[in-house]
Structures are given as C-alpha cells and as structure tokens.
Amino acid sequence: MTSFRELRRFALLASVTLPMAIAANGVLAQDKPKEHADTPAAAYEPSMTTLGQINVEIPGRKPGDPVITPSEFQAANKVYFERCAGCHGVLRKGATGKPLTPDLTRELGFEHLRDYINYGSPGGMPNWGTSGQMTDEQVDAMARYLLIEPPAPPEFGMAEMRETWKVLVAPEDRPTKKMNDIDIDNLFSVTLRDSGQVALIDGESYEIHNIIETGYAVHISRISASGRYLYVIGRDALINMIDLWMDPPQTVAQIKVGAEARSVETSKMKGWEDKYAVAGAYWPPHYVIMDGDTLEPKKIVSTRGMVYDTQEYHPEPRVAAILASHYRPEFIVNVKETGKILLVDYSDIKNLKVTEIEAERFLHDGGFDSTKRYFLTAANARGKVAVIDTKEGSLTAILETEGETPHPGRGANLVHPDFGPVWATSHLGDETVALIGTDPEGHPDSAWKVVQQLYALGGGSLFVKSHPKSGHLYVDAPLNPDAEISASVAVFKINELGQEEPEYTVLPIGEWAGIAEGQPRVVQGEFNQDGDEIWFSVWNGRDQESAIVVVDDKTLELRHVIKDPRLITPTGKFNVFNTRQDIY
Ligand code: DHE
C-alpha cells in the first residue's frame, strides 16, 4: 500500500487544473486550451449515444440558411447529440452549457461559431478542432449546422412503447417457487457496459451464474422489493426484467421507454411490493409507470415545464435518479433541468397525485440516510445537496457541499464518533468528501450541515460506500487524470474521523487485479450481503482485460480477483439484498 501523503501530493497536482494563467504582464491569459476530457466533470457530461443514431430530417429551410448537404447535416447532428447535447440540450435551448438556438447563433455568425468550436473557451467549451477531436470539415459543418433550426428527435409515446413491449414468459408460465440453488440475496448484478450485458455473479463462490443480454451501454440494475425480479436499463432506454427464480435466471419481459434513459426503480412500500416499476428518460423527457410483473406501460408523465426558480419553460428536463419511498406509496423522481423533485403517488395512478418540490437545478443522483426517511440528492452543477423528508413529503434543507460538483451515487451512511449518523458524498471536481449530519433528533446542531470535510485521493471521484457492519468509508476516483490514482481507492477508518485530519489507507486495487494492458479505472464499491467484503470494478477498455477485485473489509486485504473473458467493461455492481433494502 502506498503512503497516503505521497498519493495525496500527486492527487493535488493531478486534480483539476485552472484554464487561466497569469501572463508576464500580469494580465490573465488563456493557458493551453482544454481538451474535453481534461477535467473529470467534463468527461462526465451525458452523451446522447442512442439519439445520435436516429436519422432526422433537415428542418424546413429558411431564407439565409447556410448550404448544408443532407449527409453533412446527418453527420453534424450525430456529433451534436453525442458530444454537445449533454451540455447544450437536445433542442439546443441550453442546460449547463449556453443555448444555441438560431436566433442567438445567427447573431454570432458563422466565423465566430467556427472559431469557438475550433479553439474552445476558458468558460469550459472544449477546443474540439485544435485538440484534433474534430476535423476542419467537421468544425465547418458544425458551425453551419448550428445556424439552422434544431431538428427535434422523434417523440416516443404509448404507441411506440407498446410496440417495443414484449412479455417473453407470461406471469402464469413462470415458476411458483425458486427453481435454482442460487443464494439470490447475495447475488451481484454487474453492468458490462460496452457489451450491453449484465453478469449475475455469486457473492459466495464468485462464479458467474449467467450473462444476460440487455440494452445498449447498459447502465444500472434495481431489484423488486421481494428480491425476485431484477430490472436493468440501458442508455437506449431498453429495460430487461429478469426473473431470478428461473433456472437459469432469464429475461421475462422487455420494453423501450424512450430513446435515451438512465434510471429504473420498483415500488417498495409495504403492501405494494413488486406492484410497479418506473423508469425515467432523458429523451423524450418523461417517466413511465409500468406493471411490475410484465412491464406493461400504464402511465407516461412528461416532465416538460417550468424551471423551479425562473419559472421559464424548459422543453427537455431530463429525468435523473428515481428512488422508491419506504414511508409512502411514492416514487421520488429527480427532474434535472427544472430542479424539481417529484413525489409521485402510485396508490391511484388513474388519479395521479404528484407533489412537486422546488429544490435546485441539475439534480443528478442521491440516496437515503440510514433511517431511509430522508432522501439526499446532489444538484451537482450547483454544488448543492437537497434533503427531502419522504415521511412528510417536503423539502427539509438545501446545503452547499463545500466541494466542486458533488457526486454521491447513492451516498454512504456511517456513524461519526462526534456527530452521530452522517451521509457522505465525494466530488468530481476536487478531492473533498463532505460528511452531512442526518440525525435531527439526536444531533440537532449537526443536522443537514457539512460537519466535516475529508481529503481523499483527488478529483474525479464518483462513488463512496460503507455498510452498517463496516468500520470503513471507501472513496474511489475513477475519473482522475492520474492513472495511479484512478486505479486506487482511499479508505477512512470511521472511528478515526474525530481526528483533526484523518488519514486514509490507499488500496492499489488496479495493481491487485494484475492486469498488464490498458489503463483500468477502479469504480464503485459494493458490499456483499453480510457486509464483510467489498467489490470494486477494474474497468478497462472494451478489448482489454478487466476484473472485479474483492477486498476483506476487516483487514483491507485482497480476498479474491474475479477474471473471466466475459467480464467486458464491468462498472456498476448491485448486490440484491443491499440494493433492495437501500443499504449503503
Ligand atoms: Fe451513471 C447512476 C446518469 C455516466 C455508472 N447515473 C446514475 C444515475 C443517473 C446517472 C441519473 C442515478 C440513477 C438512479 O439512482 O436512479 N451516468 C449518468 C449520466 O448522465 C452520465 C453522467 C453520462 C452518460 O452519458 O450516461 C453517467 N454512469 C456513468 C458512467 O460513465 C459510469 C461511471 C459507468 C457506466 O456504467 O456507465 C456510470 N451511474 C453509474 C452507476 C450508477 C449510476 C454504477 C449507480 C450507482 C449506485 O450505487 O446506485
């Protein structure tokens, strides 16, 4: 294990560099223009990978429109959806990046746009041309493309959804009891991102039970409240519903809920177990409530509407994280661009009641506190965390995390020696980890405040993890530009958090995996059911060897390395028991 001070020094050097430098004359001068992936946060902007594949018509020509051939338009449109839409919006109305509608782009003019795309800007626009990521021809075509009305990708309503809906094994034809000898509660569903599959891996023997085909660039798995059904969503918005009682487990229903999506969840309230599934889409901007047994789409609700504070219309507010309340029959739905958290009451979907909570723009991911009563979620581009009381159905607090771009995943819960129960988030933009007090009754002075900042490996962290039985907090840094850091994990001892600057141990997970090729990144710790070991993905290139490294939580020593040619680009891992019980 490397000394933590040594790594920390590297981390600070390697963490986000400022785009400006003071020139000799004291004037701020632009440093080497940034490449798109120079900062971890930039590398993490959504890419509308599926939308880019769709053929769109050139919108009705207007006088003064630049000359662009249909093939140039199609190619520019693909590049736009894959590289620009994450910040500037599918309809170019702006999100974290500026709006690029023709009324604005025409004022700027062709040459200005061309230079801007070519050279980038200190404000964060990448230098697509000079970095070599776009050719001169692509830059030229993109500048012309931006002068024309944006094409709207097709809508995806009930008719389109039903066309994609398949029940492969009807509920009456499914087994009435578990037919395999898998210990389902200790099973891990592992995202194999670039092969569009999940691997079902045994938590005890580390054997792969089954590999199941899923959607394109598959993203996350969630489990039904009973633990029987596994729901997996791909970026192409395809959901696979897998029956874990079958031998071997297999997909029993499928549906595509849009063109681009990231989230899926199931009803968890007592009395409503396995009744409904819900999914949120990036395009079209909506969420869909489905039958939990068959995925039959029951209700599609658009999220288009007003931004919470400016009360301006937003045409494409994407649906980010969705969680299921344990206190009410409600789904908690994060709407990114309008900054609203919706509490969607599924007890009567014909007379749907939605509580709309004003929170903050650019809501992304989040999770519950240890009591599962409070939902803490990051508005990451605003550096804030919003706290929702899911019992009362109201906003409890909004606080600054004091770091740059919080990214909690579902966060981590632990009991701090001084402040009692706290929830942790790390940051994409710096090495800090914020510990936020979550116990308003026992520790009222610390509740909903950053009670402590920890300093971990460096920027580019995506996920933190702990477990009620663990004495540790694990912090990854997969998007850190330094290869050694992105292949390591920092571990804090919870009982030492009361010290002034708690030290951490560095686990060289990438090195433990013993992979000779590529530059694998270590991502997302996930505990087994017993909470005595934690699994990390060693995420390499598509054609390179990847692995899963299992660490003993007590000794912090290597327990096992799972390697298999079928483990292509493993990223997220979801232990059935912990995921369905929201233990993290
Ligand atoms: Fe994710 C969760 C969106 C890129 C791995 N990711 C989430 C959630 C959202 C989201 C909204 C919360 C879902 C929920 O709880 O309902 N992710 C996005 C993006 O928009 C983004 C930034 C870019 C994109 O184009 O998709 C993105 N995500 C990634 C990755 O590159 C990661 C690291 C690897 C991969 O497999 O794609 C990745 N995201 C994950 C994981 C979770 C996740 C592992 C679930 C964490 C958990 O513990 O629950």
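Of note:
- Restricting the first member to segment 256-275 and to residues that are under 19 Å from LYS391 (Cβ atoms) and in contact (Cβ under 8 Å) with a residue 60 or more places away in the chain, and the second to residues that are in a strand (DSSP E or B) and away from the ligand (no atom under 14 Å from the Cβ), the beta-carbon pairs closer than 6 Å and six or more apart or on different chains are SER267/TYR276.
- Qualifying residues in segment 257-271 (those that are surrounded by 23 or more Cβ atoms within 10 Å (Cβ to Cβ) and either away from the ligand (no atom under 16 Å from the Cβ) or of a type in the set (A, V, I, L, M, F, W, C) (or both)) - the one farthest from SER302 (Cα to Cα): VAL264
- Which numbered condition ASP274 fails, given (1) away from the ligand (no atom under 13 Å from the Cβ); (2) surrounded by 21 or more Cβ atoms within 10 Å (Cβ to Cβ): (2)
- Any hit, segment 198-210, residues being closer than 17 Å to ASN540 by Cβ and crowded, with 18+ Cβ neighbours inside 10 Å: yes
- Within segment 420-476, being in contact with a Gly (Cβ under 6 Å, 6 or more places away or on another chain) and among the charged types (D, E, K, R) holds for ASP430, GLU431, ASP439, LYS449, LYS465, LYS469.
- Within segment 393-401, the presence of a residue that is crowded, with 22+ Cβ neighbours inside 10 Å and under 21 Å from ILE220 (Cβ atoms) is excluded.
- Residue within segment 488-496 that is surrounded by fewer than 20 Cβ atoms within 10 Å (Cβ to Cβ), more than 16 Å from the ligand (Cβ to nearest atom) and not charged (D, E, K, R) present: yes
- Every pair of residues 6+ apart whose Cβ atoms lie under 8 Å, when the first sits in segment 356-368 and is part of a strand (DSSP E or B) while the second is within 15 Å of the ligand (Cβ to nearest atom) and among the aromatic types (Phe, Trp, Tyr): GLY366/PHE375; GLY367/PHE375; GLY367/TRP423; GLY367/TYR584; PHE368/PHE375
- Within segment 557-581, tally of residues that are under 16 Å from GLY514 (Cβ atoms), away from the ligand (no atom under 13 Å from the Cβ) and either without any contact (Cβ under 8 Å) to a residue 60 or more places away in the chain or not in a loop (DSSP other than H, G, I, E, B) (or both): 8
- Filter result (within 15 Å of the ligand (Cβ to nearest atom), touching a Pro at 6+ places or on another chain (Cβ under 9 Å) and over 9 Å from VAL523 (Cα atoms)) within segment 456-478: GLY459, GLY460, VAL464
- GLY403 vs. criteria touching a residue at least 24 places away in the same chain (Cβ under 8 Å) and part of a loop (DSSP other than H, G, I, E, B): yes
- Among residues of segment 529-556, those that are away from the ligand (no atom under 13 Å from the Cβ) and basic (Lys, Arg), counted: 1
- ALA447 vs. criteria more than 16 Å from the ligand (Cβ to nearest atom) and either aliphatic (A, V, I, L, M) or buried (at least 24 other Cβ atoms within 10 Å of the Cβ) (or both): yes
- Exactly one residue out of GLY97, GLY120, GLY109 is in contact with a His (Cβ under 6 Å, 6 or more places away or on another chain) and either of a type outside the set (A, V, I, L, M) or over 25 Å from VAL67 (Cβ atoms) (or both): that is GLY97.
- Hey, THR425 closer than 21 Å to GLN499 by Cα, part of a strand (DSSP E or B), at pLDDT 95 or above and among the hydroxyl-bearing types (Ser, Thr, Tyr) or not: yes
- Among the conditions (1) more than 19 Å from PHE156 (Cβ to Cβ); (2) surrounded by fewer than 24 Cβ atoms within 10 Å (Cβ to Cβ), the only one that ILE300 does not satisfy is (1).
- When segment 370-396 is filtered for residues that are more than 15 Å from the ligand (Cβ to nearest atom) and assigned to a loop (DSSP other than H, G, I, E, B), the ones remaining, listed by number, are SER370, THR371, ARG373, GLY383, LYS391, GLU392, GLY393.
The values are calculated or read from the model by the stated rules, or taken from the named source; none is laboratory data. None of the values given here were measured: they were computed from a predicted structure. Because the Cβ atoms are built from the backbone with ideal geometry, glycine has one as well, and the counts that use them run over all protein chains shown.
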